[in-house]
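This report refers to the structure that appears directly beneath it.
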Amino acid sequence: MPKRPIPEATPETAEFWAGASRGELRIQRCNACGRAYFYPRPFCPRCSSKDVAWFTASGRGTLHTYVINYRAAHGFQDYAPYVIAIVELEEGPRMMSNIVGIEPLPENLPVGLPVEVTWEKQDEQITLPLFRPRGAAS
Amino acid sequence: MSLRMSVAIVGAAETDLLGVQPDKSAIQLHAEGALNALADAGISKDEVDAVLCAGQSPVAVAEYLGITPTYIDGTGVGGCSFMIHVRHAAAAIQAGLCKTALITHGESGRSRVGMGGWGQSRQMLSAQFEEPYGVAGPPTRFTIPIVRHMAEYGTTHEQMASVAVATRRWAEKNPRAMMRDPITVEDVLASRMIAYPIHLLECCLVTDGGGALVVVSAERAKDFPKKPVYLLGSGESSEHSMISMMHDFTESRAFKVSGQLAFAEAKIERKDIDHAMFYDAFAHTPMFALEALGFVGKGESGPFFEEMRTAPGGDFPLNTNGGGLSYTHTGMYGMFAIQESVRQLRGEAAAQLPDLRTSIAHGVGGMFHAAGTLILTNDERA
């Protein structure tokens, strides 16, 4: 059975993936302009300050937009149809993920739906942050 | 210094055939388009001193054609690369870096003969932050903004389907279009769901083909056999390389910036545009273009398309070749949008419009990643 493509960290993203393996959603905030951002970079993409720090995000957010994919990508044959979503984190940044723990139907996926992170371990290095409706059973 | 009216397209042609061509490699499709465009301009390849292309390296295309250029540009940012090439060629010609620019496109998008591989490092940003979630090419990435547009502006499935219907009506008039059977909104909504909310008939074709342009200074333009098509305005921009980083999922920042540059340079109003080619990778792409380029207000594109204003007989003729949805779509369709603008302004189009003076060809690169805009005219006094 083909597997999901497993990412490989770079020096700039290693802390994100290390945190994910511990079940912590590690993102960065700029100390100069105060904004949280994603994906990881050792400087602020808004103001270019190098005075940035990692912190653990709450893992809560809302469903910003999505598609329901019926043509599985390689390695995703067991999952289709599945929800590919943009989640807006409580702290501000947005990220791509999947919405799980819910039947993949448009009526179950109103824009703005409160979601929370849930972790899916892929191997010793990589655990993926997925999201489920807030309050749903794990 | 402005590029306004600095150059003209004096040669424009596509490959002999479009569609399924497993007997030709991608670089041969570049060359076939190039040789046809040179013949259209009435010149030999030895007069070409600038080669600009995407997909293949301009070095490879120059070698294949037997050209030793003094200006090369391999800007490869997806389907709008060719709009950007015209802009860059204009800048280079105006700066005196070259005189005769050849812009080529060729892609074996369907048969995949002589194409590069898909493989890439697992360390790429998209491999870390998008591919683990099961994106499968453009149908799952390009389409992610749509639901947000629907939620914020009440855009409907029927409105989006209307884009495919209006475009097909133009294709019905074009013998070179791949898909020419009439379709209805009901047909579109009954076609297979690819990635909700996008149905099969709202997705572009996947074909083999190519095309090329010859660009020279406006002063030289009248020395060529065909009616020159002048560059009135142009723009380019980029926003993100991952769709998840789009700033506002209801509008394309790259489209807005590129369009504003083009109109500012052209010194004309939206109402002065007689004909439009908006890259239609999916049904929503021209909707986003119509709004971002300022032809309608934000969120107003749905009713505009539903009223069939872009179809034959409408007041806003759009994608008159049949578009990427019904004419052809090799992968980087922008070249074909420019070709149709040129044909319309020359009076050579299959579905020719009367009394045309201006045309806009607006391209997208990647999945709202980049944009390029050309405003063209056949009026030398513009």
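Values in this text are rule-based calculations from the coordinates and carry no lab data. None of the values given here were measured: they were computed from a predicted structure. No Cβ is skipped: glycine too gets one built from the backbone with ideal geometry, and neighbour counts run over all protein chains shown.
What value, in deg cm²/dmol to 500, does the helix sum -39500 (n - 2.57) over DSSP H runs of n ≥ 4 give at 222 nm once divided by the residues of the protein assembly as shown? Value at 222 nm, helices only: -7000 deg cm²/dmol.
Plainly put, the protein assembly as shown has a radius of gyration that is 0.99 times its Kirkwood radius, both from alpha-carbon atoms, as the Rg/Rh ratio. Which of B:M5, A:C44, A:Q125 sits farthest toward the positive end of the charge dipole of the protein assembly as shown, with +1 on the Cβ of Lys and Arg and -1 on the Cβ of Asp and Glu? Among B:M5, A:C44, A:Q125, the one farthest towards the positive end of the dipole of the protein assembly as shown is A:C44. Rounded to two decimals, the Cα radius of gyration of chain B over 2.2 N^0.38 Å is 0.91.
Once both labels are positioned 7 Å from their Cα atoms along Cα-to-Cβ, the gap between A:Q77 and B:V20 label points is 2.4 nm. Mind grabbing the base-10 log of I(q)/I(0) for region B:1-134 at q = 0.10, 0.21 Å⁻¹? Debye formula, identical points on the C-alpha positions, no solvent, two decimal places. Here the Debye-derived log intensity ratios amount to -0.38, -1.23.
Sequence-ordered 3J(HN,Hα) estimates for region A:49-57 from the Karplus curve with 6.51, -1.76 and 1.60 and θ = phi - 60° stand at 5, 8, 8, 10, 9, 6, 8, 8, 6 Hz, glycine and proline given as x. As a proxy for reagent exposure, B:H85, A:H64, A:H74 were ordered by neighbouring Cβ count within 10 angstrom, fewest first; the result is A:H74, A:H64, B:H85.
The HN-Hα couplings worked out from phi for region B:295-305 by the Karplus form 6.51 cos²θ - 1.76 cosθ + 1.60 (θ = phi - 60°) are 7, 9, x, 4, x, 9, 6, x, x, 4, 6 Hz, whole numbers, x standing for Gly and Pro. Taking a straight line from the alpha carbon of A:K3, these aspartates and glutamates sit under 14 Å away, with near neighbours fewer than eight places off in the same chain left out: A:D78, A:E120, A:D123, B:E131.
Taking 4 °C and 1.567 mPa s as conditions, region B:39-83 diffuses translationally at an estimated 117 µm²/s according to Stokes-Einstein applied to its Kirkwood radius (Cα pairs). Between A:A36, A:A53, A:A18, the Gaussian network model of chain A with springs among Cα atoms under 10 angstrom shows the greatest mean-square fluctuation at A:A53. Placing pseudo-labels 7 Å out from each Cα toward the beta carbon at A:R46 and B:R270 gives an inter-label distance of 3.0 nm. Each label was represented as a point 7 Å from its Cα along the Cα-to-Cβ direction; for B:K45 and B:D248 these points are 4.7 nm apart.
Under 13 Å of direct C-alpha separation, and excluding same-chain neighbours fewer than eight residues apart, B:K24 reaches these aspartates and glutamates: B:D16, B:E32, B:E107, B:D208. Considering only Cα atoms, the convex hull volume of region B:125-277 works out to 185 Å³ per residue. Measuring nothing but how far apart in sequence close Cα pairs (under 8 Å, 6+ apart) lie, relative to its length, chain B scores a relative contact order of 26 percent.
Bridgeable lysines around B:K267 (alpha carbons under 25 Å apart, same-chain partners fewer than 8 residues away excluded): B:K222, B:K227, B:K256, B:K298.
Quotient of the Cα radius of gyration of region A:14-133 and 2.2 N^0.38 Å, N being its number of residues: 1.12. Between region B:143-195 and region A:22-81, the alpha-carbon centres lie 32 Å apart.
Over region A:1-80, the Kirkwood radius and the radius of gyration, each from Cα atoms, give a ratio Rg/Rh of 1.07.
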